[in-house]
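*Asks:* Sharing a structure here in structure tokens format.
The values are calculated or read from the model by the stated rules, or taken from the named source; none is laboratory data. Remember, it's a predicted structure, so these values are computed and weren't measured experimentally. Don't worry about glycine lacking a Cβ; one is built from the backbone with ideal geometry, like all the others, and counts go over all protein chains shown. Surface areas here come from the heavy atoms of the whole protein model, side chains and all, with no ligands, DNA or RNA. Shrake-Rupley method; radii C 1.70, N 1.55, O 1.52, S 1.80 Å.
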There are 2 protein chains.
Amino acid sequence: MNADSIRGHLDGLLLAVLEDGPLHGYGIIEALQRRSGGALEMPTGTVYPALRRLERARWIAGDWDTVGGRRRRTYTLTRAGRRALEEQRAEWIRFSGVVGSVLGGAP
Amino acid sequence: MNADSIRGHLDGLLLAVLEDGPLHGYGIIEALQRRSGGALEMPTGTVYPALRRLERARWIAGDWDTVGGRRRRTYTLTRAGRRALEEQRAEWIRFSGVVGSVLGGAP
DNA sequence: CTATATAAGTAGCCTGTCTACATAACCAGG
DNA sequence: CCTGGTTATGTAGACAGGCTACTTATATAG
């Protein structure tokens, strides 16, 4: 999975894993990996800045808590984030339809 | 169609329209628009540099000719380009499968 | 002659992703 | 005890591709 291909689609993926319930950054990375069957191994340098971006956009809300002596920032999907996720899904349907049809191969 | 979403997928689209036969830049832009039902309106500042990139990669070969007094650079898919296109198609299948499954919404 | 269509191109910006690193606490094995 | 692995968060800087906004040129329609 090359780096550029994910570009512009990461936000939707992050929102999607948070739909199942609040999760912290590290957990999100693991969830992405699990849900993609190992295909998605997002580096922390990609995910953490992206989460802050989503937080700034008010699509997710972050809270610090401590579990077993370790600090975690747990993110929760906001109402706006839920709406954004739906929009991302719709956008993905459009996008994949267009690319799929132009790329063709299978008619 | 946002700007980033296309990123990393443009090469495949360009190669795909050239699969039907040689075409020049302007014609490629029109073909993309036609084949996407109007969804893809690629600016020249995106397409022309991309074509030169593909040419440098030897995936397409460009030739100047003149039609009706206007100079055109007509691009033809090379053998390597054909292989690259197949790879792009396979990559797209993988990528869209992963994103689709993680993004979910529809199980 | 003016506007539109055809045709190709460039300079410079923007921004999201990656690499590589730093930090820190916990735990298991030797 | 201390080494290495896991959990956990983060940053700085590089990179690259697509975009905006332009330029140039010819043909054709009005």
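*Asks:* Between region A:1-26 and region A:29-103, what is the C-alpha centre distance in whole Å?
*Replies:* 3
*Asks:* Continuing with this model, one more query. Using a ≥ b ≥ c from the Cα gyration tensor of chain B (square roots of the eigenvalues), is it rounded, prolate or oblate, where a/c under 1.5 gives rounded and otherwise the larger of a/b and b/c decides, a/b for prolate?
*Replies:* Because a/c hits 1.5 or more and a/b exceeds b/c, chain B counts as prolate.
*Asks:* Give me the net charge for the shell around B:Gly100: Cβ to Cβ below 14 angstrom, other residues only, Lys and Arg +1, Asp and Glu -1.
*Replies:* Here the charged neighbours net out to +3.
*Asks:* Considering amide H positions built from the backbone, and no H for Pro or chain starts, which residues 5 or more places from A:Ile60, or on another chain, come under 5 Å of its amide H?
*Replies:* Placed amide hydrogens put A:Glu55, A:Thr78 under 5 Å from A:Ile60.
*Asks:* List the distances, in nm and shortest first, from the label point of A:Thr66 to the matching label points in every other copy, placing each point 7 Å from Cα along the Cα-to-Cβ direction.
*Replies:* 8.0
*Asks:* Decide, for region A:10-71, between rounded, prolate and oblate: order the square roots of the alpha carbon gyration tensor eigenvalues as a ≥ b ≥ c, take rounded if a/c falls under 1.5, and otherwise choose prolate if a/b is larger than b/c, else oblate.
*Replies:* Oblate, because a/c is 1.5 or more while a/b does not exceed b/c.
*Asks:* Run the paramagnetic zone check for A:Tyr26: 7 angstrom along Cα to Cβ, then residues of region A:54-74 with backbone nitrogen under 13 Å.
*Replies:* Only A:65-74 pass the distance filter.
*Asks:* Let me ask something else about it. Antiparallel DSSP bridges in region B:4-90: what percent, to the nearest 5?
*Replies:* Counting DSSP beta bridges with both partners in region B:4-90, the antiparallel share is about 100 percent.
*Asks:* Shifting gears a bit: Normalised by the number of residues in chain A, what is the relative contact order in percent for Cα pairs under 8 Å and 6+ residues apart?
*Replies:* With pairs under 8 Å counted, the relative contact order is 27 percent.
*Asks:* Now for a different question. Residues with amide H under 5 Å of A:His24's amide H, sequence separation 5 or more or different chain, H placed in the peptide plane at 1.01 Å from N; which?
*Replies:* A:Tyr75
*Asks:* When Cβ neighbours within 10 Å are restricted to other protein chains, what is their mean count per residue of peptide B:73-81?
*Replies:* Partner Cβ neighbours, averaged per residue: 0.
*Asks:* Also, I was wondering about something else. Counting partner chain Cβ atoms within 10 Å of every residue's Cβ in A:88-98, what's the average?
*Replies:* Rounded to a whole number, the mean comes out at 5.
*Asks:* Right, next: Whenever you get a sec, line up A:Arg72, A:Arg89 from highest to lowest accessible area (probe 1.4 Å, protein heavy atoms).
*Replies:* A:Arg72, A:Arg89
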